[in-house]
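These notes are about the structure you will find just below.
Each reported figure results from applying straightforward, stated rules to the coordinates on display, with no laboratory input. Fair warning: this is a prediction, and the values are worked out from it, not measured in the lab. Heads up, the Cβs are rebuilt from the backbone with ideal geometry, glycines too, and the neighbour counts pull from every protein chain shown.
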Amino acid sequence: MDTQIFSILLEDGIASGAIYALLALTMVLVFATTRILFVSQGEFVTFSGLSFASFQLGIAPQIVWLLAVLALVVTALEVVSALRLGQGKRVPWLVAIHLALPLAVVGACLWLAPLKPPVLVQAALSVALVTALGPAVYRLAFEPVANASVRTLFVIAIALHFILQGFGLLFFGAEGYRVDPLIDLDVSLGATVLKGQAMLVLATLAVLTAALYVFFEYTLLGKALRATAINRIGARIVGIKTPLAGRIAFTMSAFIGAIAGILAVGSTTLYYDSGFLIGLKAVLGAICGAMLSYPLAIAGAIGVGILETFSAFWVSAYTEAVVFSALIPVLLWLSLYAMPSEEGQEL
Amino acid sequence: MLALETRGLTVGYGKANVLHGIDVAVGEGAIVSLIGPNGAGKTTMLMALMGLLKSGGEVRYFGEIIRNVDVEDRVARGLCLVPERRELFGDMTVGDNLALGRFSGWLKGDRDFKATLDDVFQRFPRLLERLSKNASTLSGGERQMLALGRALMSRPKVLMLDEPSLGLAPLMVREIFRIIADLRKTGVSILLIEQNARAALEIADYGYVLENGAITLEGPAQELAGNPRIVDTYLGRRQSAAE
Amino acid sequence: MSVRALIVAAALLLIGPWLLPPFYITLANYVGLASIVVLGLVLLGGAGGLMSFGQAAFVGIGAYTTAYLSIAYNLSPWLSLFVGLAVTGGAALLLGALTLRLTGHYLPIGTLGWSVSIYYVFANIEALGKHDGLSDIPPLTAFGFSLQSSNAFFYLIWIVALLALVSINNILDSRFGRAVRSGGRTTPMAEALGVNTARVSMTIFIYCALLASVSGWLYAHFMRFVNPTPFGLGTSIEYFFMAVIGGATSAWGAIVGAGFYIIGKQWLQTLIPAFTGRVGQYDVIVFGLIVIAILHYARQGLVPSLALLLPRKAGGRVAHHVVGSAEPLAHRDKPQPGTKLLQIDRMEKRFGGLAAVNGVSFDIQAGEIMALIGPNGAGKTTMFNLITGVIPKTAGRISFAGHSLDGLGSRQVMERGITRTFQHALLRPHMSVLENVALGAHTRGRSGLIAAALRLERKEEARLLAEAKKQLERVGLGDQFDAAADSLPLGKQRLIEIARALASDPLLLLLDEPAAGLRYEEKVALAKLLDNLRTEGMTLLLVEHDMDFVMNLVDRVVVMDFGEKIAEGKPDEIQTNPKVIEAYLGSVDECSPLKHAV
């Protein structure tokens, strides 16, 4: 292999790794705040990527109906529980947050899609659509059992994968989609060519990482989320609601997943069932940081991307097998260096 | 009006009851101590009052039954717990820990953060010195100060303290009790749980003895402190203290 | 397990092929094949607390091995079965070695990754026919009969499934099964009672992989065709969901779950296109919702949840033990009273910068009761954990009956004759009182999984249960051994813990706050019990807060404060020791009640 091919592969690998890194970041975030190993996050990626592709064809993605139904159910549950606790005053606020807001997104999608708005508007609509799904999914699937064991939450995450993938097939069909890259601009730097799309992915990763850093370090809400991760009981007794932390975490997870979807569908063909493997690769990256460390999760995820690109070049049929076999050395490393369970640990 | 009152409070783990019908009352602005041996159910009782454990019976907070109120909403209403294990945010700075103590007030839209913080620093100048240190690096006494400081950040109406002297050196124990006694001036009501029976009764107005999940004795703190049975049970005696 | 239920099941199976239309016989065959796999998950997950999303891959190994060997080498399927089992066992051993040491979420993730990998391996190996798979697999023949028909296979599959069911039930009701159900690494209790939790986890992981492999072997010769699709991650998840739906704590749950899922899926795949006009795997939405609903509202799964609706047995009974008389177990000789049994020399433990135990030394003599007292946070429980090897010490030496205990883990310490109880009685809530106590006698038996599955260990089992019953009678609970352990009040739970510790035949018994939370009469009874144990030659060390209890019972006292030993001596010496008074009161005071007390 000459250096040119090497550098091309490396660039591709880093670009796809950066997408996994975005997801790995939120995996760690969601796990830390809610103890949910949210393997079905990849479904947000496909939902957003395929919605974006749908907008490009001038069609409103049918997934808006899923959002509409979920918003109705969530609102009904919230209003009933508020009334039961005698908190009637909160009802208008609840309706605004849980119903009006998502329905506004649904309306905007239905209205704007046939008008073929500019690409950035299409991307924004797709991201808004998927982001609104995040807290609704948390509210319905996880919140009622927020204190269950890690294993129970994990099984629910897997079941969600089944459900969301089924809806993916229902709303997007079995066909794959790919769109033109958002930036079709290549910059030559000596022998290497920097692809605009790859640069965009890396820039997004950098910006979102910085934004997350600022959020967690300098805002009280961010600190509250970190506090929930560090000490659940401590967080509760200063008044941080675990459900609130969960909803914020899932909103961020869906938002970042959606952005990853917009980026991914510009460089690879997405199918309704592509999400799970993408999500699992992000988990792989996150595991490199033992589900704890953000920098290691990013590094691990980029490593997964590079490994994937190179094995696709050498043994293309075995790509997935190679990538997931990489779990073995990672687990070996963890089992040698990470201390086995301290007493009384869950699971 | 009573700040906090329980009637027939019961708590069970699994199928075994740990508390069997507790009646306790804390008057507004009063300090009430609850003493008892390890395993009597003291911590369980505070967890239940905070809403961290399911309980039976009645809990009234300023006259209102708070059975259906979440932990977080109890905090927002001014009920505050300093737990036995402190439950600090170890990997965060002292400043962040204190800031988060104000979280429920911040959610409600209160913006008097600075004044509250100044008040806490006045009580615990030590915390100001350690402001940017991680909570996990603090000594035992400093941790207890931080836990108390974090609780005060929420401007509580009722403060529940679970063994504040636990694991502290004698000098620090005295300091902590001085601070608690000093809180009386702010008008906060305090429910204090202690094994250090003597010190706890010294600063209290009223006292209860919890044994085997039931209140076995109660009375004005001064009376309890002189009660021979308390003396026997909590400080040891050669001949059996059987009734 | 109820033998009646088994007979009814066997009878149903016998007449099944005459009652069912052919299509349903094929469906029943699928249910049976899946049941064999899901039964493994009951042992692994429901009892052992381990999650695997890799079972379909093990099925695939069994199926592909026999398919390849019988086509390429004309090997008899009966031989290739064993080759398949060997390959599966090796894979499970490797995967288990990598993931079982890690906690929590790594096993499910490791098996998820493994499932994805192996699928692509099946789908890309030339010799295995790549994505097309292998066809024309020879049928099974036995004693000259060809087992080609669906009916013949029905019997074969269901005989295997019932054998798997019986084996799982036998295993759960045995010494090995109690170790599986002991909570493993989630609790310090299992290792402290001598259970080799790592080995137990590995054994059940391999056993359930082997069950999957057998199912794969049956599948290959039943379908006579294999391709990678049914061995992918999706199927692994489906097996897991069957266990969740049916109820992973019950062997019958496995069969109910498999039946519910497979028959339900069949219906959905006919119904959904009929109503919506769309073809596709939409049944996954329904099953995903069902699993979430089960986890929200009936977390134990269908069978255990429905069983709860039946009238409850009186007194929280969860078992019906018949304990006959059996030859008593061998026991250790008690050391000569007065000799030094345990010697602790400058023990030290630091957590970060904090010295929880700082240079503590003391000895315990055989046949005495010693108390370790001190204010809360003095380091007493840490001391217990150091002696029993639950946590490693920072410095110091410790020896027991003349042998060093340095560097030993809690299981090895226990095997040398030191057994402990825990501050919060750590009993297994879903096991009966007798089973909890029999867990204590774990190290006095030897039988493992195979002996249990085949019921070759009944003699040993009878001796273990008889020992457990004897110890329960010794602590005065001889009439309650069928009850669920968590249905009893705290005082009795503490007694069960002591009985469990006694069942391990210890030389030194460590009790962590045995009197905490007990009523007065219970304390008196406990003191009498401990006194009797001393008379019989037992040595005891106890951490206790109740001074009354301590001072009237023990021979000697060690007082700790801030991680250091501040006093040692007879109870009356301790009560007048100014250092002790200061530790308890914060300062020496003129009107110290301690002084009045003596």
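Data for the structure
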quantity: Gained length - residue A:203 relative to residue A:72, 0.36 nm times residue gap less alpha-carbon distance; calculated: 43.5 nm
quantity: Among the listed pairs A:223/B:157; C:469/C:492; C:470/C:523; C:380/C:579; C:393/C:565; A:223/B:133, those beyond 20 Å (Cα-Cα); calculated: A:223/B:157; C:470/C:523
quantity: Under the Karplus curve 6.51 cos²θ - 1.76 cosθ + 1.60, θ = phi - 60°, whole-Hz ³J(HN,Hα) for region B:132-145, x wherever Gly or Pro sits; calculated: 9, 7, 5, 4, 5, 8, 6, 6, x, x, 5, 4, 5, 4
quantity: Size descriptor, Kirkwood hydrodynamic radius, that averages inverse alpha-carbon separations across chain B, Å; calculated: 18.4
quantity: Region A:1-144 - convex hull of alpha carbons, volume per residue in Å³; calculated: 132
quantity: Mean Kyte hydropathy of -0.5 or more with a Cα span along the axis of at least 27 Å, helices from DSSP in chain C; calculated: C:22-41, C:77-99, C:150-172, C:197-223, C:251-276
quantity: At R0 = 60 Å, FRET efficiency that the Cβ-Cβ distance of residue C:321 and residue A:140 yields, to 0.05; calculated: 0.85
quantity: Computed E for residue A:333/residue C:430 - FRET, C-beta separation, R0 45 angstrom, nearest 0.05; calculated: 0.80
quantity: Sorted peptide list for B:88-98, C:253-263, criterion being average Cβ within 10 angstrom, highest first; calculated: C:253-263, B:88-98
quantity: Separation of the residue A:91 and residue C:473 label points, Cα + 7 Å toward Cβ, nm; calculated: 6.8
quantity: Gyration tensor (alpha-carbon) shape descriptor, region C:212-307, a/c threshold 1.5; calculated: oblate
quantity: Whole-percent pair-distance distribution, where bins are 5 Å wide, for the alpha carbons of region A:132-207; calculated: 3, 11, 12, 13, 11, 13, 14, 9, 7, 4, 2, 0
quantity: Number of partner chain Cβ atoms within 10 Å, mean per residue of C:49-57; calculated: 2
quantity: At R0 = 25 Å, FRET efficiency that the Cβ-Cβ distance of residue B:23 and residue B:185 yields, to 0.05; calculated: 0.30
quantity: Tail fraction, Cα-Cα pairs, region C:353-440, threshold 15 Å, whole percent; calculated: 67
quantity: DSSP H segments from chain A that extend 18 Å or more along their own axis, Cα-based, with Kyte-Doolittle mean of 0.0 or above; calculated: A:3-34, A:42-56, A:63-84, A:119-137, A:150-172, A:196-218, A:242-264, A:275-288, A:294-314
quantity: Quotient of C-alpha Rg and 2.2 N^0.38 Å, computed over the protein assembly as shown; calculated: 1.00
quantity: Computed over region C:51-137, Cα set: Rg, Dmax in Å; calculated: 14.1, 44
quantity: Compactness of chain A as Cα Rg over 2.2 N^0.38 Å, two decimals; calculated: 1.01
quantity: Shielding by partners, peptide B:187-200 (average Cβ within 10 angstrom, other chains); calculated: 2
quantity: Whole-Å semi-axes of the ellipsoid equivalent to region C:122-199 (Cα gyration tensor, √5λ, descending); calculated: 41, 23, 9
quantity: Dimensions (Å) - region B:81-217, Cα atoms, principal axes, largest first; calculated: 43, 31, 26
quantity: Cα convex hull of region A:185-335, projected area averaged across orientations, nm²; calculated: 11.7
quantity: Most mobile listed residue (A:54, A:253, A:126) in chain A, GNM with C-alpha springs under 10 Å; calculated: A:54
quantity: Other protein chain Cβ atoms within 10 Å, averaged over every residue that makes up C:3-11; calculated: 0
quantity: Three-way shape label, region C:1-104, alpha-carbon gyration tensor, a/c 1.5; calculated: oblate
quantity: By average C-beta atoms within 10 angstrom, highest first, the peptides C:30-38, A:193-201; calculated: C:30-38, A:193-201
quantity: Distance histogram for region A:238-309 (every C-alpha pair counted, 5 angstrom bins, percent rounded to whole numbers); calculated: 4, 14, 17, 25, 19, 12, 5, 3, 1, 0
quantity: Separation of alpha-carbon centers, region C:360-412 and region B:102-149, rounded to whole Å; calculated: 39
quantity: Antiparallel bridge percentage (DSSP; both residues within the protein assembly as shown; nearest 5); calculated: 60
quantity: MRE, 222 nm, helices only [DSSP H, n ≥ 4, -39500 (n - 2.57), over chain B, to nearest 500]; calculated: -10500 deg cm²/dmol
quantity: Helix B:113-123 vs. chain B, principal-axis angle (Cα, 0 to 90°, nearest 10); calculated: 60
quantity: Extension gain, residue C:361 back to residue C:93 (0.36 nm per residue minus Cα-Cα distance, nm); calculated: 92.1 nm
quantity: Cα-only Debye scattering, region C:160-219: base-10 log of I(q)/I(0) at q = 0.17 Å⁻¹; calculated: -0.62
quantity: Residue-averaged [θ]222 nm for chain C, counting only DSSP H segments that reach four residues, each worth -39500 (n - 2.57); calculated: -17000 deg cm²/dmol
quantity: Relative contact order [Cα under 8 Å, 6+ residues apart], chain C, whole percent; calculated: 16
quantity: Spin-label pair residue B:229/residue A:2, simplified geometry with 7 Å Cα→Cβ offset, distance in nm; calculated: 9.6
quantity: Cα coordinate range in region B:116-164, projected on the principal axes (Å, largest first); calculated: 29, 25, 14
quantity: Chain B: angle of helix B:170-183 to the longest principal axis, Cα-based, in degrees nearest 10; calculated: 80
quantity: Inter-centroid distance (Cα atoms) of region C:204-220 relative to region C:62-104, Å; calculated: 8
quantity: Overall dimensions of chain C by Cα: Rg and Dmax, Å; calculated: 28.8, 99
quantity: Quarter of Cα convex hull surface for region A:66-202, i.e. mean projection, nm²; calculated: 12.5
quantity: Potential extension, residue C:404-residue C:331 segment - 0.36 nm per residue separation minus Cα distance; calculated: 24.1 nm
quantity: Share antiparallel - DSSP beta bridges, chain C, percent rounded to 5; calculated: 65
quantity: Translational D in µm²/s for region A:152-262 (Stokes-Einstein at 10 °C, 1.306 mPa s, Kirkwood Rh from C-alpha pairs); calculated: 90
quantity: Residues of region A:218-253 with amide N under 12 Å of a point placed 7 Å along Cα→Cβ from residue A:211; calculated: A:252-253
quantity: Pairwise centroid distance, computed over Cα atoms, of region A:93-162 with region A:292-313, Å; calculated: 28
quantity: Shape metrics for region A:25-85, restricted to C-alpha atoms - Rg then Dmax, Å; calculated: 16.0, 47
quantity: MRE, 222 nm, helices only [DSSP H, n ≥ 4, -39500 (n - 2.57), over chain A, to nearest 500]; calculated: -23500 deg cm²/dmol
quantity: Highest to lowest packing among A:308-320, B:114-126, scored as the average C-beta count within 10 Å; calculated: A:308-320, B:114-126
quantity: Relative contact order [Cα under 8 Å, 6+ residues apart], chain A, whole percent; calculated: 37
quantity: Nearest-20 debye value, the protein assembly as shown charge dipole, Cβ charges on Lys, Arg, Asp, Glu; calculated: 960
